[in-house]
Every structure is written in structure tokens, then in C-alpha cells.
1. Which condition breaks for Asp500 when tested against (1) closer than 18 Å to Asp680 by Cα; (2) of a type in the set (Asp, Glu); (3) in a helix (DSSP H, G or I)?
2. Output the residue which, of all residues in region 613-633 that are of a type in the set (S, T, N, Q) and outside any loop (DSSP other than H, G, I, E, B), is least open to solvent (accessible area, probe 1.4 Å).
3. Would you mind stating whether Ala336 is in contact (Cβ under 8 Å) with a residue 12 or more places away in the chain, touching a Lys or Arg at 6+ places or on another chain (Cβ under 9 Å), over 13 Å from Gly416 (Cα atoms) and open to solvent by less than 50 Å² (accessible area, probe 1.4 Å)?
4. Can you tell me which condition Gly610 does not meet? The list is (1) part of a loop (DSSP other than H, G, I, E, B); (2) under 26 Å from Leu476 (Cβ atoms); (3) in contact (Cβ under 8 Å) with a residue 24 or more places away in the chain; (4) out of contact with any strand residue (DSSP E or B) (no Cβ under 9 Å at 6 or more places or on another chain), and all the others hold.
5. Could you check region 343-387 and list, in sequence order, the residues that are within 11 Å of Asp310 (Cβ to Cβ), open to solvent by 70 Å² or more (accessible area, probe 1.4 Å) and in contact (Cβ under 8 Å) with a residue 40 or more places away in the chain?
6. Within region 42-67, can you find the residues that are touching a Phe, Trp or Tyr at 6+ places or on another chain (Cβ under 8 Å), in a strand (DSSP E or B) and open to solvent by 30 Å² or more (accessible area, probe 1.4 Å)?
7. Hey, Tyr164 hits all of (1) among the hydroxyl-bearing types (Ser, Thr, Tyr); (2) open to solvent by less than 50 Å² (accessible area, probe 1.4 Å); (3) farther than 30 Å from His229 by Cα but one; which does it fall short on?
8. Restricting attention to region 583-602, which residues are in a strand (DSSP E or B) and in contact (Cβ under 8 Å) with a residue 60 or more places away in the chain?
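The values are calculated or read from the model by the stated rules, or taken from the named source; none is laboratory data. Computed from a predicted model, the values in this text were never measured in an experiment. With ideal geometry, Cβ positions are generated from the backbone for all residues, glycine too; neighbour counts draw on all protein chains shown. Heads up: the accessible areas ignore ligands, DNA and RNA and are worked out on the full protein's heavy atoms, side chains in. Shrake-Rupley method; radii C 1.70, N 1.55, O 1.52, S 1.80 Å.
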Amino acid sequence: MGTTDSSRAGDGRPAMGPATPPSGLLDLLSVAAVVLDARGQVVFWSAKAEELFGYTAAEALGQYAAPLTVHEEHRDEVMKLFADVLEAGTDWAGAFPIRHKDGSTRMVEFRNMRLLDDLGDTYVLGLAADQAAVERVERDAALAMRLVSQSPIGLAILGPDLRYLAVNPALERITGQSAAERLGRPVSEVLTYLETDPEARLRRVLETGESVVDRDIVCRPPADPDHEHAWSVSYYRLEDSAGRVLGLAYSVIDVTERYRAADEAARARQRLALIARASASVGTTLDLETTARELADVVVPVLADVAAVDVLDSALDGRTAPHEGPALFRALAVSAVRSAEAVRLAADPPGEVATYGSDRLITQCVRTGQPVLVPHTTRRDLGRIARHGEAASLLATAGVHSYLAVPLMARGEVLGALDLKRTSNPIPFDDDDAFLAWELAARAAVCIDNARGYQAQRHAALTLQRSLLPEPPSHLPGLEVACRYQPAGATSEIGGDWYDAIPLQGDRTALVVGDVMGSGINAAATMGQLRSAARAFAELRLAPAEALRHLDHLTEGVGQTITTCIYCIYDPHQGRCEICLAGHLPPVLMRSGHAAQLLDPPTGAPLGVGGVPFEATTIAFHPGDELVLYTDGLVETRSEPIDARLGTLLDALTTTRGHDLEDTCDRLLEILRSPGGEDDVALLIARARA
């Protein structure tokens, strides 16, 4: 039937012992037994014969069999066959019609053979079965044999000891193991390529009778050890009609194509999700290092076990990288799964500059502007991936087996490379991974380029602004001053905040803090003009209100609409300070033995509004008193009301009363300034002294 069978156990003994219960096949055929003597009379009549012929034993015993069961037209033929068996001793088998007691005719299949007793008398044993029942069993057996041999489903039959008894050709084809490699052997010796030993599961099915249906197994069979295959496996216990356990059968359906299609669909969804996540999480700021770290983090562990982002040092400076020789890279970010920490140690630490020779793969990547894919790395490949031999050894020890580098290209310029490695993920990089990495790198490169341009512009503006801010005079009569300027965080450009302490004739000092609305180089340049003008007006010995009136007029000419400012003149001989505001937040006064208090001078209008008079207020300012001037970046936030923030400022100043002014400035910024604040801050604290 196209199957291979074995009826013996693995040690050569018969598979069925003498105490084994009988098979139910004879019961299924309902075989009747009849014994005739040499004259043709019935001497034995079984119960099955009664079912087959209709006569009871009492009715049949002693009767001549031919007249009892054979139609008259067939008696001569039957008598001749009977004589041949009796005289020649040859067995006879065949089918002919018999007459049932009820008068009907049935086709019966016979097996006749001669018997001898110990006295030398001869008898004829006839075994008979209904031909229709025999044909039905034969038909079912033939169908089962044909189905098993030609089925595309792999089938195996195991004995109660879980040794192979039979396998069909489909199972040989699916697994790549021949029947000769299986028959007589236990499953534990044959299915060694499965991740888990199936013997325990099979034995549980054998003991409980509970079938296991459509269990998915992914493995690398002997026929194709380099690729994963997927099978749908079912286990069933085999029993005969009497419920006797015969063994176990299992079926194997090869669903590899479906598995691979589903796996590819899942990978496609994963790639789309990764691109969507990268679009949302890479480039959230205009900080170069943050953007690089976001890119490295988003590809680990979905695409790689280790990711590094390196930019050409020349790209950061706006220079053109040389087309030959070594390449100079600045490491920006490294990300790794927990099991790949050794690979992280082999990578260049973020912030450091490293030189890679022209033979290195990352150098090849940035020089050609094309991905470099090494599905299966060798020792030689690792030497071309790492910067030096020690790092190559670390990569080998960590199990790096696949490598991919893609260029970071934006607006036609190669900025650097995204460097990817796999260690714990056993699947090598392929062309689909290279395409996905290229897409991610292209999107991230635009963000990196934007961050690079912003960083250059911000650095220029910050340099300009810091160059315009003064160094506080080393000596101011009767006054101690500490100042701070802190630019806005990475998400915003610098602003136009400034501070100044200007020594005047007569031991007086002008204290100025201002805030130009807007940001960037324009705001910094405007701030420089206003600060220079304020110093000039101070040198002219103008009163604060008069100085602000001139600054208001000047602001219209420099193109800025709004600038807030606080202008104070301290006279140590008279122990007083004259204060005038132009739309600015009020200063804080601290006196010895008192809590910090917010002054309430006339607010005035911001510079640039025009036509609004400014009004000054004079306060006593004696040795030990402190005056705090600041811009709104110190106290204004989007999440808290300004009154609450001003209260926090007063509380902080109260706790720092009497401390070193430099420490007080640092403490105020620590308490009130959140990391990455969206506005810049100018802060000036003045303390009167004898």
C-alpha cells in the first residue's frame, strides 16, 4: 500500500506476546467454523455458523451439509470440491452462493482444509464469512492503504513503546528521514532536531487518549538544516474495536509556506510600525546628540542588537570630507540590548573622535554613499568593522555574526553612518533589513542635518550674545554684584536677555537688566545695541526715567517693537537706590532680619511702545540689603501661575539670605530653572556694603 511496516520489536522478538488480547478483526468478519466428517455430515457447528446459515447447532449437527446449505444446481460441484479436499488434502478457497434457512441466497467466502485426528480419521474444516463483509473490509483496507501511501500529509504509526512501526512516503519527504532510519527506533532517537523532546507529549496522549490537534512546530529538519520549517502536528491514540490500545499515530502537515508568508507579513507590519515610531520619536529636539540617541534607541532591538550613530567630524564643522585616506568620525550615540553589552564596550564612546582607515567598512559606506551588508561575518570581516584589533576580539567574543552599515545622507551630503550588528538575534541581515535601515537613516539624517544647522546657528548667536555681555567690574564702590546668563534649552533659540553693572561718577552704580522680545541672532544684535546705548546714557548721568525714555525712542529705530527693562542707580553715599521699570517684572528686596519682598514700583510700558512716560521710585538701600533683578525666563512657565512662581522665588531668596552671592545665583537657577527651559534668563543680585 506504499507504506513500510514492521511486526517485530526493536530487539527482534515478536511484537505481540502470548498474553496479548485477541484482535477484533475476526469478529468484524464474523467468521463461521464448520467441521464435516468423511461422509459430509456436520460434526461441529459454531455460533457464527448459526448467524451465517440460519440453522442452530441442533438443527445442523448430523445433517449432510450439501443438502442443508447448497442449492441443488451447485451440489455436484460442491461434492467434487469436498472430495478433492478430503482425498488429495489440498486446501480450497473460493466463494459460491449458499441457501439460508429463510430461503434467501447469499454469497459466502470459504476456506476449506483437511483435518486428521489421532485415529487416522479425516475431516474437512470449513471457515466461512459473508462475502459482502469480506469485500467491505478489503475495500476499507485498500482505501486506507491508498490514502496513507498517496496522502500529502505525513503519517507515522508507533507501537505502545513509542517505537516506529510504519511511516508513509509523505513523512519521509517532509522530514528528510527515510523509513529505514525510523523503523524500530524510539521517537527520542529520531526527532532529535526538535527544540523540545516530544516523547512526554506522545506518552501523555497514549495514556489518556486525549488527542492533540494542529500543534504548530517550528524546526530545522535534516532535509534542510539551514532554514526554518513549520509543521502542523496532530497526535492520536489507536484502539481496536474492543478498545485495546494498539499504539499511536501522528500526522504532519507542512505549513512552511504559510508560516513564511505570515512571518513576512508580520515583518512588514513590524517595519511599518518601526518607521512610524521613528517618525514620531526621532528628531523631537534640535539637539544633535539627542537626535542621534533617539535613532539608535528606536532600531534596538527590533532591527539590531547593537546600533551606533557616527557622524563625520568634517560634517559638524561644515567642511568637505576627503575622498581618500582615513575617515574621522565623531561618535554620537550607542544603544544595545542587555546581552550585547560587550559589543557596546567595543564601540567608540559617544563624544569621542575616532579615525577609521580606508579599508574599514564604515569608511567604505560613507565614501560610496551605499549600504554595506555582511550577512555572515568572518574574523576578517570583524577586523574591518572594528577600529582596532582589541575591539575586533570583543566583537568576536560577543558573538557578532551579521553586520549592516547605511549612510546618513541629507540633501545630497553624507553626514555619517548608522552602524548595526546582530548577536542574540540569530537571523542574518538581508536586503529587506538594508532597505528598512536606509529608510530610517534617510529620515533621521534630515533631523540630524537640521540639528547640525541649528546648533551652528545657535552657537554663533550664543557666542555673539556672550561677547556682548559684560564682565562685572572687579570693584564697585559700596556694592557687591553677582550675575548669571543662561540661554534657552535645545528646543529654542537664544533670546535677547542681558544684564549690566555700570560704574558712574560719584561712586554711583547703574544696574540694568533687559529682555528683548524674540530670539536668535537678531535678538542678540538688538540686545547689544540697547546695552551699548544704556551704558552711553548712564555715562551722560541721565536719571533712570530719562534713560528709559531715550531707550524707548531708540528701540523704534532698531526694528524691535517690545523690550522690557529695569534701570536702577545706586548711590552708596546717600544709601538709596532709584528704580524705574519699562514693562519689566518688579525686583525683589531683601533686608536684614526680614523675609524677601517683591517691590511694587510703577510698571511702565515696554520699550518700543512710545509716548508713555516712565516713573521712577526711590528706596533706601543700606549695607547688607540685597536687590535681585531678573528676566521673565526665571519665573514664567506654561504649567504654573506667575504668582506661584514669584512666591517660589521669594521663598528661595529667604533661605539663601546672607549666603555668597555667587552661590545664591546658582541656587536660584537650580530651584527655578527647569532643564531645557524655553526662554533665556538674565539674573543680577546686588548687595550693599559699607
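1. Just one mismatch for Asp500, condition (3).
2. Among residues in region 613-633 that are of a type in the set (S, T, N, Q) and outside any loop (DSSP other than H, G, I, E, B), the one least open to solvent (accessible area, probe 1.4 Å) is Thr617.
3. Working: in contact (Cβ under 8 Å) with a residue 12 or more places away in the chain: yes; touching a Lys or Arg at 6+ places or on another chain (Cβ under 9 Å): yes; over 13 Å from Gly416 (Cα atoms): yes; open to solvent by less than 50 Å² (accessible area, probe 1.4 Å): yes.
Yes.
4. The number of the failed condition is (2).
5. Once the filter is applied, which keeps residues that are within 11 Å of Asp310 (Cβ to Cβ), open to solvent by 70 Å² or more (accessible area, probe 1.4 Å) and in contact (Cβ under 8 Å) with a residue 40 or more places away in the chain, region 343-387 yields only Pro350.
6. Passing the criteria: Val43, Trp45.
7. (3)
8. First, the residues of region 583-602 that are in a strand (DSSP E or B): 588-590, 597-598.
Passing the criteria: Val588, Met590.
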